[in-house]
Amino acid sequence: MSTANNKHRSSLKIPKAFKIASKILETTSPKLAARFAIKLFTTPVKFKLPKREEEMNLRSRQEMVMIPSLNKSINVYFLGDSPKKVLLVHGWSGRGTQLVTIADKLLKKGYSTVSFDAPAHGKSTGKTSDMTEFVAGILELEKLYGPFEHVIGHSLGAMATLNAVKRGLNVNKAVIIGSGDVVKDIMDDFWQKLGMNIATGELMINLFQKKFNESIDSYSAYIAAKEVSIPVLVLHDENDEDVPVSAAHHIHENLTNGQLVITKGLGHRKILGDKTVIKQITEFLQ
């Protein structure tokens, strides 16, 4: 499922200075260039908290929680006091308040929510992160604050959601929104945007795999989906410029109990605040 039409394409704009630096490094030491690319790939961009998220930031109870396996602390947000808890997982360069509109609706439906800033995101510690750290955060929060009724993830958080369920997260249902799929496609897209040659790009991937001592594609969403038996709602917009809609179709094909909803005109982020989408989510969960 890695043909040209299905390739991951991110709208991420890489600064020209980084492209120049990577090309200079590539001519002197491909290995240094590959390490530089990994550093960039694993460093999220920190954005100012948008106004729409300020209220959730003020209303929620917050706590810093240490993830022992990572030696990093994550900032956790708690909304509501219902024992029916839903875990919310943001995407790359997002925050625990990113799914605020969904959280507000869940509160009205009798749920409480738990969300978090992934390592190196928002108020959490660390400078770099990756999907394995998102998964570690999810599983640690289940130990401390679970059980959760359901889990909802967006973008990289959706990929992490499937991988967490595969690795033992015990929930009744999952919702994934704008999920990426094949990890190699995501990494290929990144080194190509940096302007690196194929050999350096492959070196970057090999170094990454060496770090984790396993194939990067073992974390691909469609592979995790094969081992997920709970009901999963797969939401994706056909005009998503960050992740092609083919990712949703491929993930859905590999789920044993999946439901696919394709929206139009909402892109990668507006989908999180769309009333019709949120109604579909709450109806699916109830």
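Given +1 at the Cβ of Lys and Arg, -1 at the Cβ of Asp and Glu and no other charges, the dipole of the chain around its Cα centre is 760 debye to the nearest 20. Rg and Dmax of region 14-125, based on Cα coordinates, read 18.2, 59 Å. Shape call for region 139-286 from the C-alpha gyration tensor, a ≥ b ≥ c root eigenvalues: rounded (a/c under 1.5), prolate (a/b greater than b/c) or oblate? Since a/c reaches 1.5 but b/c is at least a/b, the shape of region 139-286 is classed as oblate. Number of Lys-Lys pairs in region 118-205 with C-alpha atoms under 23 Å apart and a separation of 8 or more places or on different chains: 7. When every Cα-Cα distance of region 179-259 is counted in 5 angstrom steps from zero, the calculated P(r) takes the values 3, 15, 21, 19, 17, 14, 8, 3, 0 percent.
Distant-in-sequence amide contacts of SER220, defined by a placed amide H-H separation under 5 Å and a gap of 5 or more residues or a different chain, comprise VAL183.
Using DSSP, restrict attention to beta bridges with both residues in the chain and report what percent are antiparallel, rounded to the nearest 5.
30 percent
Return the calculated 222 nm mean residue ellipticity for the chain, to the nearest 500 deg cm²/dmol, obtained by summing -39500 (n - 2.57) across DSSP H runs with n ≥ 4 and dividing by the residue count. Taken over the chain, the calculation gives -12500 deg cm²/dmol. 3J(HN,Hα) along region 110-126: x, 9, 10, 10, 10, 9, 7, 7, 4, x, 6, 10, x, 9, 6, 8, x Hz, from the Karplus curve 6.51 cos²θ - 1.76 cosθ + 1.60 with θ = phi - 60°, whole Hz, x for Gly and Pro. Summarised as an ellipsoid, the chain has semi-axes of 30, 21, 18 Å, derived from the eigenvalues of the Cα gyration tensor scaled by 5 and square-rooted, with the largest first. Rolling a 1.4 angstrom probe over the protein heavy atoms with all chains in place gives region 1-137 an accessible area of 50 Å² per residue.
The values are calculated or read from the model by the stated rules, or taken from the named source; none is laboratory data. Please read these numbers as outputs of a predicted model, since none were measured by experiment. Backbone-built Cβ (ideal geometry, glycine too); neighbour counts: all protein chains shown. These area figures cover heavy atoms from the full protein model, side chains too; ligands, DNA and RNA do not enter into them. Shrake-Rupley method; radii C 1.70, N 1.55, O 1.52, S 1.80 Å.
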